[in-house]
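A short worksheet on the structure shown next.
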Amino acid sequence: MSAPTTDSMMYQTMHRQPDDLRRLLDTGWEPAQDAAERIAGARRVFLVGIGTSYHAAQVGAWLLAAAGSDARAVLSFDFARYPVQFGLQSDDAVIVMAHTGVKRFSSEALETAVASGATVLSVGSLTAEHPGSQLVLRTVEREKSAAYTSSHLCAMTVLAQVATCLGDKRGATATADFRTALEALPDQVAGVLAREDEVLPVAREATTRRVYAAGAGPNAVSATEAVIKVREAAYGWIDGLPLEQFAHGPMVAVNADDLVVLINVPGAAQERVREVAAVLAAVGARLWLVGEGVEAVPDATVFELPAVPEMISPLLTVVPMQMLAYQMAVVKGVNPDTFRRDNPTYAAAFGLMKL
């Protein structure tokens, strides 16, 4: 098993994100406006995805809700196999998140949506084929690493652009600052990526401890994305939950010297995040606070981020999660690109099912 270096596709793609964002913000507003016009009259908007694409769908639901839509994120498997639960009608809209366009249940979900007569859009790579989609919102070239980074960030950015256009159309105050925030994002992401040396000591700790991640509101998604990234890139032990779910039971499993990643950004959840941080510090947990520090926990390690609108913040908070996963892979000598298919046992086992 070859160890990762800066030649790994995950590393290169991760560091390409500012340029990918700049391209989307230069060329993506016209298709975003088209998408907004198509879904503006929908009774409900379902955002459907699996894996990292499901996380993009969850963030998209927050963004479109801010623009005034009844937006709901659904797993591709559930949408395809339990259609009666959703009662899809022709006056609904469906946005299928499918980076490659080849995953089994994303394809089935797309077929289900098309068959219903609903408005059907999709988000995917520059070459993904989405049969039946009325508009494919393109992101980036198909990723070569199994640990997706830029495709996820750009999928969320595309949805933020759609929400911005939709909010403008409706005069929604909640999206009024989205465009300005998005225009600042490429430089902010570049600034975060330049600080990888700050993440390496945390990654070293994370490879030898139990790790938990939690965030609230839209940033619960960044916490659960950390789980996918750390597990698939570094085969690491990590658990992640929305903050209040974490507090109502799972938090009792945290022991002294466990590492807890807490996303702490300005917004409606910040007071609660601070309370949970104080509890965790009192039991002796080691804290990595992403966003801002907490006055009651002066010994915590803080990865500061610029303040951005809370609904846009997952597009920034996810980047330190990617960096943590990559750096953990470096520390462990694991190649983050392979999905463990360079191990014959895992390659054979994964061949028993189709993703």
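Kindly indicate the residue of segment 30-78 that is in a strand (DSSP E or B) and farther than 20 Å from Asp91 by Cα and also least open to solvent (accessible area, probe 1.4 Å) among those meeting that condition.
Gly49
Here is a yes/no grid of residues against (1) at pLDDT 95 or above; (2) hydrophobic (A, V, I, L, M, F, W, C); (3) under 18 Å from Asp70 (Cα atoms):
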site: Val84; (1), (2), (3): yes, yes, no
site: Gly87; (1), (2), (3): yes, no, yes
site: Asp91; (1), (2), (3): yes, no, yes
site: Lys103; (1), (2), (3): no, no, no
site: Glu111; (1), (2), (3): yes, no, no
site: Thr119; (1), (2), (3): yes, no, yes
site: Val136; (1), (2), (3): yes, yes, no
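Looking at segment 178-260, what helices (runs of 4 or more DSSP H) fall wholly within it and have at least 3 residues that are at pLDDT below 95 and closer than 15 Å to Met321 by Cα?
Per the criteria, no element qualifies.
Quick test for you: out of Val189, Val227, pick the one residue that is within 16 Å of the chain's Cα centre (by Cα), open to solvent by 10 Å² or more (accessible area, probe 1.4 Å) and β-branched (Val, Ile, Thr).
Step by step, each of Val189, Val227 is checked, and only Val227 is within 16 Å of the chain's Cα centre (by Cα), open to solvent by 10 Å² or more (accessible area, probe 1.4 Å) and β-branched (Val, Ile, Thr).
Answer yes or no: is there a residue in segment 112-122 that is in contact with a helix residue (DSSP H, G or I) (Cβ under 6 Å, 6 or more places away or on another chain), under 25 Å from Leu21 (Cβ atoms) and either part of a helix (DSSP H, G or I) or free of Cβ contacts under 8 Å to residues at least 60 places away in the same chain (or both).
There is no residue in segment 112-122 that is in contact with a helix residue (DSSP H, G or I) (Cβ under 6 Å, 6 or more places away or on another chain), under 25 Å from Leu21 (Cβ atoms) and either part of a helix (DSSP H, G or I) or free of Cβ contacts under 8 Å to residues at least 60 places away in the same chain (or both).
What pairs can you find where one residue is in segment 216-241 and free of Cβ contacts under 8 Å to residues at least 12 places away in the same chain, the other is open to solvent by less than 10 Å² (accessible area, probe 1.4 Å) and in a strand (DSSP E or B), and their Cβ atoms are less than 7 Å apart, with a gap of 6+ or different chains?
Qualifying pairs under 7 Å: Arg231/Ile238.
Can you find a residue in segment 123-139 that is in contact with a Pro (Cβ under 6 Å, 6 or more places away or on another chain) and under 23 Å from Arg43 (Cα atoms)?
yes
Here's the yes/no breakdown for (1) of a type outside the set (S, T, N, Q); (2) touching an Asp or Glu at 6+ places or on another chain (Cβ under 6 Å); (3) under 19 Å from Glu30 (Cα atoms):
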residue	(1), (2), (3)
Ser145	no, yes, no
Ser151	no, yes, no
Thr157	no, no, yes
Arg170	yes, no, yes
Gly191	yes, no, no
Thr208	no, no, no
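Specify the residue that is modelled with the lowest pLDDT; the eligible residues are those in segment 312-334 that are in contact with a Ser or Thr (Cβ under 6 Å, 6 or more places away or on another chain) and of a type outside the set (A, V, I, L, M, F, W, C).
Within segment 312-334, the match that is modelled with the lowest pLDDT is Lys332.
The values are calculated or read from the model by the stated rules, or taken from the named source; none is laboratory data. Being a predicted model, the structure only gives us computed values, none of them experimental. We place every Cβ from the backbone using ideal geometry, glycine too, and count neighbours over all the protein chains shown. Heavy atoms of the whole protein, side chains included, go into the accessibility calculation; ligands, DNA and RNA do not. Shrake-Rupley method; radii C 1.70, N 1.55, O 1.52, S 1.80 Å.
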